[in-house]
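The values are calculated or read from the model by the stated rules, or taken from the named source; none is laboratory data. Since the model is a prediction, treat every value here as computed from it, not as a measurement. Glycine gets a Cβ as well: all are built from the backbone with ideal geometry, and neighbour counts include every protein chain shown. Side chains included, ligands, DNA and RNA excluded: accessible areas come from the protein's heavy atoms. Shrake-Rupley method; radii C 1.70, N 1.55, O 1.52, S 1.80 Å.
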Amino acid sequence: MSQFLYSLTLVFVFLTSTNIQKTAATPSSYSENHKMFVKTACNSTTYPDKCYKSLSTYSAAIKSDPIKLCTTALKLNVKSAKEATSVVAKLLKKSQKSAAGRKIKMAPETLILKDCLEEMEDTIVELKQAITEMKTIRDGESISEHITNVRTWVSSALTDEGTCTDGFEEVKVNKETKKTVTKVVQELATTTSNTLALLTNLSY
């Protein structure tokens, strides 16, 4: 009997360890599948490496859900837009202070920065509107219409970003100011472009 119990114990230990190995392997395989889903989706964007770098961190939450993928991209886009807007706002404040010191009511550079800031603020609003619209997609009614609306909001945001930098080509401004604004806004535009690409390929 003791030999039987000993044998039974060995079988139990073997089966248990096998199950543990399978259980341990499953989350890893799921994780890789989710990351592959993000990578495949990002390959359709203009800047795939940047897309994957920003979204792969959230692959566990995104899973293989295209709606979650696009919503996450939009939320990260808003964050980037706020950061870029903050840079422009600080430069505007600095320019206004400089103009006041020279007793100039509205220097050309200040005016350009003011217009740019308005465009950036519009970008944030439009991206937030896109997120709000995304929440209605799962409702089951007029899905294609909602997706079209989301794409329109993001496309408008991308246009506003371009309008911001266009202003610096028309008026002579401080080189460092122009360089800084161009850099942060173009960086934002690549993010927005990727978001729009993901949405363009969204089918639901």
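Taking into account only those residues within the stretch 28-55 that are part of a loop (DSSP other than H, G, I, E, B) and either among the basic types (Lys, Arg) or touching a helix residue (DSSP H, G or I) at 6+ places or on another chain (Cβ under 8 Å) (or both), which is least open to solvent (accessible area, probe 1.4 Å)?
We begin by selecting, within the stretch 28-55, every residue part of a loop (DSSP other than H, G, I, E, B); these are 43-47.
Now restrict to residues that are either among the basic types (Lys, Arg) or touching a helix residue (DSSP H, G or I) at 6+ places or on another chain (Cβ under 8 Å) (or both): 44-47.
Details: Ser44: 55, Thr45: 14, Thr46: 88, Tyr47: 98 Å².
Across the stretch 28-55, the extreme among qualifying residues is Thr45.
Please enumerate the residues belonging to the stretch 152-173 that are assigned to a helix (DSSP H, G or I) and over 21 Å from the mean Cα position of the chain (by Cα). Spell out the reasoning first.
The first filter runs over the stretch 152-173 and keeps only residues assigned to a helix (DSSP H, G or I), leaving 152-170.
Residues satisfying the conditions are Asp166, Gly167, Phe168, Glu169, Glu170.
What number of residues within the stretch 174-195 satisfy the criterion of being open to solvent by 40 Å² or more (accessible area, probe 1.4 Å) and either part of a helix (DSSP H, G or I) or modelled with pLDDT of 95 or more (or both)? Show your work before the answer.
First, pick out the residues of the stretch 174-195 that are open to solvent by 40 Å² or more (accessible area, probe 1.4 Å): 174-176, 178-180, 183, 186-187.
Checking the rest, the ones that are also either part of a helix (DSSP H, G or I) or modelled with pLDDT of 95 or more (or both) come to 175-176, 178-180, 183, 186-187.
Number of matching residues: 8.
Return the residues of the stretch 136-151 that are surrounded by fewer than 19 Cβ atoms within 10 Å (Cβ to Cβ) and in contact (Cβ under 8 Å) with a residue 40 or more places away in the chain; say none if nothing qualifies.
Residues satisfying the conditions are Arg138, Ile143, Arg151.
Counting residues that are under 30 Å from Val173 (Cα atoms) and at pLDDT below 90, which helices (runs of 4 or more DSSP H) fully inside the stretch 56-151 reach at least 2?
Those helices (runs of 4 or more DSSP H) span 66-101, 108-134.
Just give me the residues in the stretch 56-92 being hydroxyl-bearing (Ser, Thr, Tyr) and either touching a Gly at 6+ places or on another chain (Cβ under 9 Å) or open to solvent by 70 Å² or more (accessible area, probe 1.4 Å) (or both), in sequence order.
Listed by number, the residues that qualify are Thr57, Tyr58.
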